[in-house]
Amino acid sequence: MDSVQDRMIRKFNPGTFQSDEEVIRQFTVRERELGIVLDVLRGNIKTPSCQHVLMVAPRGRGKTMLLARVAAELRAENELSRKMLPVRFMEESHEVFDIADFWLETLFYLSKEIVRSDPDLARELQTVHADLTGQWRGEFLAERARAAVLDASDKLGRKLVLMIENMQTLCDDVDEDFGWQLRETLQTEPQVILLGTATSRFERLDDLREPFFGLFRMLDLKPLDAEACRRLWQVVSGDDVSERRIRPLQILTGGNPRLLVIVAEFAGHRSLRKLMEELVSLVDDHTEYFRGHLEALPPTERRVYLAAMDLWQPSSTSEIAARARMDVRSVSSLLGRLIDRGVVMAQGTGRKRLYSAAERLYSIYYKVRRERGEAAIVHYLIRFMSMFYTKQELVTMADTFRMEAAGFPIIKEGLDRARAEIPHFGYLYDHAVSSVAEPEPSSMGFSKSSLSDLSQRQQLLFRISPKWIEGNILYLSGNYDAAIPVYASIVEEFGRIKIPDVEILVAMASVSIGHIYDRKGDYDVAIASYDEMIERFGKSTEPRVKVTVAACLVNKGTTQCHQGDLESAINTIENVVKQYETDAMTQMREVVARALLTLGTFKGQLGKRAEEIESYDEVINRFSSDTKDAVQVFVANAMTNKSVVLIECGDFEEALVACEAVESRYGGTGEPELMASVVRAMLNVGNIHMQKGDHQNAIAIFNRIVEDYDKVESVEVQIYITRTLIIKTLYFIELGKSEDALSTCEKLERRLQDGGKAQNSEELGFAWVKVMALLLHSQEQDALASFNSIYHDFDPVNEAALSMMQSGVSDMIVLGVSEREVLDVLQSDERKAQALSPIIVAMKMRLGETVRAPAEVIEVAEDVMRTMEEKSNRRT
Amino acid sequence: MKSVTGPWVSGEDFFDRENELQILDQRVRDGNHVLLTGQRRMGKTSIAMELGRRLQADEWGFLFADVEGATGPEDVIAVIAEAVYPIRSISSRFAKAMHRWFTESIEEISAYDFRLKVRAGLSEETWQQHGGTLLRYCADLANPVLLVLDELPIFLKRMLRQKGGRQKVDEFLSWLRGLLQQFSGGSFVLMVSGSIGLTPLVRRLGISDRINYFYPFQLGPWNREVTIECLNRLAENSTVKVDSGVANAVYERLDTGIPHQVQFFFARLTDHALMHSQDRVAVEDVDDVYHNDLLGPAGQNYLVHYESRLIDGLGDDQDLTIAMEILAEASTKDVFTLEAQRQLGRLYLPIVDNAPDRISEVLDILEHEGYIEACGGGRRFTSRLLKDWWAARFGNNHVPIERRGPVR
Ligand SMILES: Nc1ncnc2c1ncn2[C@@H]1O[C@H](COP(=O)(O)OP(=O)(O)OP(=O)(O)O)[C@@H](O)[C@H]1O
Ligand SMILES: [Mg+2]
């Protein structure tokens, strides 16, 4: 049940060459529709006039699957199956031109159906079929074929449920009398039940001159709701996701189960963010599918269809005609045909009738593939969604900062950052350099080295170290492209030398290469070079090389995580732990501690809270008694991370215990990294107090952080202090204390002006805090001016900026800003407006304007709007 | 009574129509041949079936022949034969008369086989004779017999398309008439039913007299009370609870009681509840379903169709203009009054020959095609759905007729 093969759900032709058990197992959504169909069938058991059902839905909504499921039910052992027999027509096999063909087809599929259960009758029917088809247009062909069918039904003692796909094409290709002739049977012959599908409600169903007018019990297969999407996703991907996380996928696929299955299979265990980023490559993988669908259309229809997709938003006939460069009249009739095919959808009536592609994802595919400037709009939307839906439902700016303060990775700058990111950089770096400076046999190396070795080693180290330093400097100054060849030359030139001190530098150089590729976002290349490094040094017994290999593995896991492949990432990291946990060397313990901590964060990304905490506990239990500060940093961070999880689970008491333990344990440390951990923990203590409504204690803690650590010369600590002030301001705003908010804000401003260390997100955060504080203080014009400058500097591709814009605008609305003026600002720059289109659409809807936008944008906007409303309600 | 959409209903599932049944029953017992007409899906087949069922309980013979699939009179006779089949005394007698075609005894074959064999024995030359025999046998029965020919007009229209179709139609109708005149004493009664008008068809062919012996009966919609009662009955028998105001709200929306529409709406409501995991149908759902299902994309075809059919049906641009005026007025003002009709005649006098006559003709067509119906004070839309839609579609620029000067 768990193998990927088993989870694969049939995307095309479900039920064909598939066992009934499989169909039943794979049928995970649309149970209600199934219930309705089966009810109708049950009602037909005794009646002299049967209800016939037509399931209507565009491509991919699950019609065939539902048919297959009903067929499976009619073949299983139950009351219904004793009374009815399914007769499934092949999907594409309409060779029906008149009523005679129809009955011959029925006879044919009926014989197939009973081959196993009643081989004799099956053979008999085949003979009749061959006989009748042999007599080309013989007399009373239709009647005789029909008689054979009815006769078989009598013999079997079961009614026949004819399952026919694409009724509209069937009705298109047949002669004029077909419909009435079929209706005659359907009206008078209780042995025959029709269960059909159609991609749209074709016109003849509603034309009161036509035979099928009002004849069918209609069943619309609506798009899947979020809950159904969630269930289907769970079955296919194996991942249990929340409704909020499934929402963007529901929107992008339009609740179309086939598209959802395609996406879910592709998703693997990628995080939502990654999945969204890589949606484009999903589209590439399925180019055949998308293109095949296009090619199936006749050229003129295709042209109209492409124009509609290109316009993306619902568009009028004349707009489509203009885009297709065709005349309105022919476009209008071609649109009618496209609707009949179920590939285009119409809404509204008369001149206001608008058309758009019925299946989502196609427009996205088309726009991205054409790679015109317009694809940007798709990318922007996807980025918007991936930010919006990874956040909790009603995040405010304050929440954003709370989460970032608690989150991972720790912010580092300069050399600090390099030390964190190239594991053991510091240790190895110091060691390598000191070895160069002092050419003595390394205490850790093999001490057998002879005198001649020594001088050779010395020479080599003198040659290698300038390159090593050059590479590092290039790397640290951000000049990645120049750094790579330098590191590569180390590997190339010294790669074969078996002297430990040289080997270690080569090993580190190759880890650095992988690391740089990771930073550049070339994850595949990064992993390839990590693998190469592991391959080359994996068997080494030299302790420092072993440490580097272990660290390299942790790096690899991190890159896999960046790739969104959390399953492999976890695997890699778990192997590191397993392989090296018994190694007593301090540096190795550091690697293992890091690995476990990292593992916890990966589990967290998968939403596996219990396992996440387990990993942190592991770090705490194993390493608490370690004497090395470098290892203690991981313990402290594990404790704080754990508290964050506990806060998210609402377990404030436990969280508090965990955080306070960090402070009491490491409060007196002089080690800057540990101090940063302490500040972070204290910040969380404040957050917890705040969430419990204990404002006094919260503010007291915030004050204490600033007082106690303001003088510490550590970039990291300073950043946390800035954040503390931001959060404090936000709390004052939440409490409605405008004076306090404003004065804290001013303090913050001075700090930042004095060159207080800040990263982009702190500066941005401050700007937003200022807007809020001003708004609260009734200085709306000043607030709007500040907002305007945020917008002015807004970089649509900066995720932090986008995320803050998402929560910031709704926070402003909660504080009663003039929405019209905010909207004007938001729309003032075309490119930025594109990136923020769901917010803009949401605000327009709030202001009662009618908006036309792609359905995907509208749906996201509706969610944005809901957030705005709920936030406002929560405040009042 | 269970909810049924599509097929004809009888017995438990058949609702009301007591007045109509009483009239029809009386006519039939009096030996009148009946022409049953009515809009599509009004319940013609159902009422015919129910009438037959009741008559059967009273020792009548009931033969139901659905002839919508027939391509020639031979098929019609064969379909009647199939209906006759269960009455063994007739079917075996008839099989003897057509002995050449019956090798096995009729006990061994099914009704449909019987029909097939009869059909095989009929030709252009012999159908009149054999058909006559068959019906005569029926009339000879000790008990009276009702034969229903359902959808006869569909068959006739089809035949009309064939070569020499006009004459074939005439032949068939004359044969039927001649035959029926031979049976007296009400022992054999024919009921013809269908949605498209038999009367206009024969009138066009100039052979109206071929059907003038029929007693015409037009089946109309249920009234408000009956509709609401029907909905309540459906609700009682549904697995989904239905709030008490729902029936009323549905009628408000439909504004007419076409049985199929009532059933369709009801099924949509319960589906809606099931799909939304609601255990009951609430009054609010009525509007929701009305707007999304009936007025929404699904229902729009139906309405759009009314529009295109008008264009087809009226061909002439002037007629079309007049029709659009009438419908716009009726949709925005609820009623197209007699006063408005007179005023419209005056307005169009300068540009249309015989404007008042043309207007009456167009009104007739609109009425016949089911757009409008007579009501106190003039004409109104037959369905609220259509009226709402029409008003939204064409009502915007409509200036009420009495406020207008002459057209140029
Ligand atoms: N008396 C009734 N009670 C309940 N439902 C009815 C009744 N009459 C008609 N209906 C509803 O209307 C539907 C159509 O009925 P029926 O087939 O009798 O109409 P019809 O006039 O013969 O239609 P057509 O013109 O298409 O032949 C039925 O499936 C049922 O839903
Ligand atoms: Mg009928």
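The values are calculated or read from the model by the stated rules, or taken from the named source; none is laboratory data. This one's a predicted model, so the numbers in the text were calculated from it and none came from an experiment. Every residue, glycine among them, receives a Cβ derived from its backbone with ideal geometry; neighbour counts consider all protein chains shown.
Things to note:
- Residue list for segment A:229-250, filter: within 21 Å of A:Ile36 (Cα to Cα) and either of a type in the set (Lys, Arg) or surrounded by fewer than 22 Cβ atoms within 10 Å (Cβ to Cβ) (or both): A:Arg231
- In segment A:618-641, the residues that are assigned to a helix (DSSP H, G or I), under 16 Å from A:Gly668 (Cβ atoms) and over 32 Å from the mean Cα position of the chain (by Cα): A:Asp629, A:Gln632, A:Val633
- If the condition is being basic (Lys, Arg) and assigned to a helix (DSSP H, G or I), then segment B:222-262 contributes B:Arg224, B:Arg233, B:Arg253.
- Among the residues making up segment A:312-369, none is over 30 Å from A:Gly62 (Cβ atoms), among the acidic types (Asp, Glu) and either under 32 Å from the mean Cα position of the chain (by Cα) or crowded, with 20+ Cβ neighbours inside 10 Å (or both).
- Qualifying residue in segment B:30-39 (condition: at pLDDT below 95, more than 7 Å from ligand 1 (Cβ to nearest atom), among the charged types (D, E, K, R) and not in a loop (DSSP other than H, G, I, E, B)): no
- Qualifying residue in segment A:177-184 (condition: under 49 Å from the mean Cα position of the chain (by Cα), of a type in the set (Phe, Trp, Tyr) and at the interface with chain B (Cβ under 10 Å from one of its Cβ atoms)): yes
- Matching residues in segment B:276-289 - criterion: being touching a strand residue (DSSP E or B) at 6+ places or on another chain (Cβ under 9 Å), more than 16 Å from B:Tyr251 (Cβ to Cβ) and not in a loop (DSSP other than H, G, I, E, B): B:Arg280
- Residue, surrounded by the most Cβ atoms within 10 Å (Cβ to Cβ), within segment B:1-29, restricted to residues that are more than 14 Å from ligand 1 (Cβ to nearest atom) and within 16 Å of B:Phe62 (Cα to Cα): B:Val28
- Yes/no for A:Thr169 being more than 12 Å from chain B (Cβ to nearest Cβ) and either within 16 Å of ligand 1 (Cβ to nearest atom) or touching a helix residue (DSSP H, G or I) at 6+ places or on another chain (Cβ under 9 Å) (or both): yes
- Some residue of segment B:235-253 being surrounded by 15 or more Cβ atoms within 10 Å (Cβ to Cβ) and within 13 Å of ligand 1 (Cβ to nearest atom): no
- Members of segment B:8-48 that are within 23 Å of B:Ser184 (Cβ to Cβ) and away from ligand 2 (no atom under 16 Å from the Cβ): B:Ile23, B:Asp25, B:Gln26, B:Arg27, B:Val28, B:Arg29, B:Asp30, B:Gly31, B:Asn32, B:His33
- Checked against the criteria, B:Arg53 does not count as within 16 Å of ligand 2 (Cβ to nearest atom) and over 12 Å from B:Leu146 (Cα atoms).
- Exclusive hit being under 21 Å from A:Leu194 (Cβ atoms), within 14 Å of another protein chain (Cβ to nearest Cβ) and in a helix (DSSP H, G or I), set A:Leu66, A:Leu132: A:Leu66
- Some residue of segment B:90-105 being of a type in the set (Ser, Thr, Tyr) and within 14 Å of chain A (Cβ to nearest Cβ): no
- Checked against the criterion of being away from every other protein chain (no Cβ under 14 Å), surrounded by 13 or more Cβ atoms within 10 Å (Cβ to Cβ) and of a type in the set (A, V, I, L, M, F, W, C), the candidates B:Val192, B:Val148, B:Val118 yield just one match: B:Val192.
- Checked against (1) modelled with pLDDT under 85; (2) surrounded by fewer than 17 Cβ atoms within 10 Å (Cβ to Cβ); (3) more than 21 Å from A:Cys561 (Cα to Cα), A:Lys539 meets all criteria but (1).
- Any hit, segment A:99-109, residues being within 16 Å of ligand 1 (Cβ to nearest atom), within 14 Å of chain B (Cβ to nearest Cβ) and closer than 30 Å to B:Phe14 by Cβ: no
- Residue match in segment B:148-168 (condition: in the same structural domain as B:Ile47 (by TED's automatic domain parsing), within 16 Å of ligand 1 (Cβ to nearest atom), in a loop (DSSP other than H, G, I, E, B) and under 23 Å from the mean Cα position of the chain (by Cα)): yes
- Condition met for B:Glu124 (away from ligand 2 (no atom under 16 Å from the Cβ) and at positive phi): no
- Just one residue in the set A:Leu215, A:Leu194, A:Leu224, A:Leu219 is touching a helix residue (DSSP H, G or I) at 6+ places or on another chain (Cβ under 9 Å), within 16 Å of ligand 2 (Cβ to nearest atom) and at pLDDT 90 or above; that residue is A:Leu215.
- In this structure, B:Glu82 does satisfy being buried (at least 23 other Cβ atoms within 10 Å of the Cβ), charged (D, E, K, R), farther than 11 Å from B:Leu149 by Cβ and more than 15 Å from ligand 2 (Cβ to nearest atom).
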